[in-house]
Amino acid sequence: MGLSEPEETGMTFRANARIKAEAAAKASRMPAFADDSGLVVDTLDSAPGIHSARWAGPDKDFRRAMETIEERLRERGATAPDRRRAHFVSALCVAWPDGHVEEFEGRVGGTLVWPPRGDQGFGYDPMFLPDGHARTFGEMPSEEKHGLPPRGKGLSHRARAFLQLAEACLEQH
């Protein structure tokens, strides 16, 4: 639709998703959908968090972003799995031109591994080992990671947020 992207000035994933959805709904005069997502690393005081994409720089070099995370973890002596806990967050927002807003948030916990494994997905997937699994997100095919029931298990943060959205849309009143 040729809409410009608003500046993401929020301090949370939800706030940034809302900023984008409301701006699109207002500009288009149609319902709009937006998301914001990223990686939160406990030992790094929740970084990179809402700045996850920015850590990859203008060239979207996520290999370098993963190296930065690993360097910072090592600086803090975080070599044991319990010091390498992290979670992905996906915040979804649907906004209507009349100002009505619906928000959903999905999370998936895990541990960061080094070196990264796999070439599936994107971003930080190769270093993220979800709880209860032996393979990183980077080693999982998209359908396994993001697939919704009945074909998938809704494992990823995005799948979990979309499941909440679907449940809200299908809820009987």
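For region 88-93, putting each phi into the Karplus relation 6.51 cos²θ - 1.76 cosθ + 1.60 with θ = phi - 60° gives couplings of 8, 10, 10, 9, 10, 9 Hz, in residue order, rounded to whole numbers and with x for Gly and Pro.
Taken about its Cα centre, region 43-105 carries a charge dipole of roughly 440 debye when the Cβ of each Lys and Arg holds +1 and the Cβ of each Asp and Glu holds -1. Note on residue 53 and residue 119: the extension gain reaches 22.0 nm, defined as 0.36 nm multiplied by sequence separation minus the Cα-Cα distance. Against the chain, whose longest principal axis comes from its Cα atoms, helix 62-75 is set at around 60 degrees. Across region 105-122, the residues whose backbone nitrogen lies under 20 Å from the label position 7 Å along the beta-carbon direction of residue 82 are 109-114.
Length available on full extension from residue 46 to residue 107: 0.36 nm per residue minus the Cα-Cα distance, which gives 20.6 nm. In the chain, taking the dipole from charged Cβ atoms about the Cα centre, the farthest positive-side position among 104, 129, 80 is held by 80.
Annotation: peptides 12-23, 123-134, ranked by per-residue average of other Cβ atoms within 10 Å with the highest first, follow the order 12-23, 123-134.
Eigenvalues of the alpha-carbon gyration tensor of the chain, scaled by 5 and square-rooted, set the equivalent ellipsoid semi-axes at 30, 20, 14 angstrom, largest first. Using Cα pairs closer than 8 Å and at least 6 residues apart in sequence, work out the relative contact order for the chain, in percent. Value for the chain: 18 percent. Maximal additional length on extending the residue 12-residue 134 stretch stands at 40.9 nm, based on 0.36 nm per residue less the C-alpha distance.
None of the figures in this text is laboratory data; all of them are computed from the coordinates on show. Computed from a predicted structure; not experimentally measured. A quick note on method: Cβ atoms are made from the backbone with ideal geometry, for glycine too, and the neighbour counts reach across all protein chains shown.
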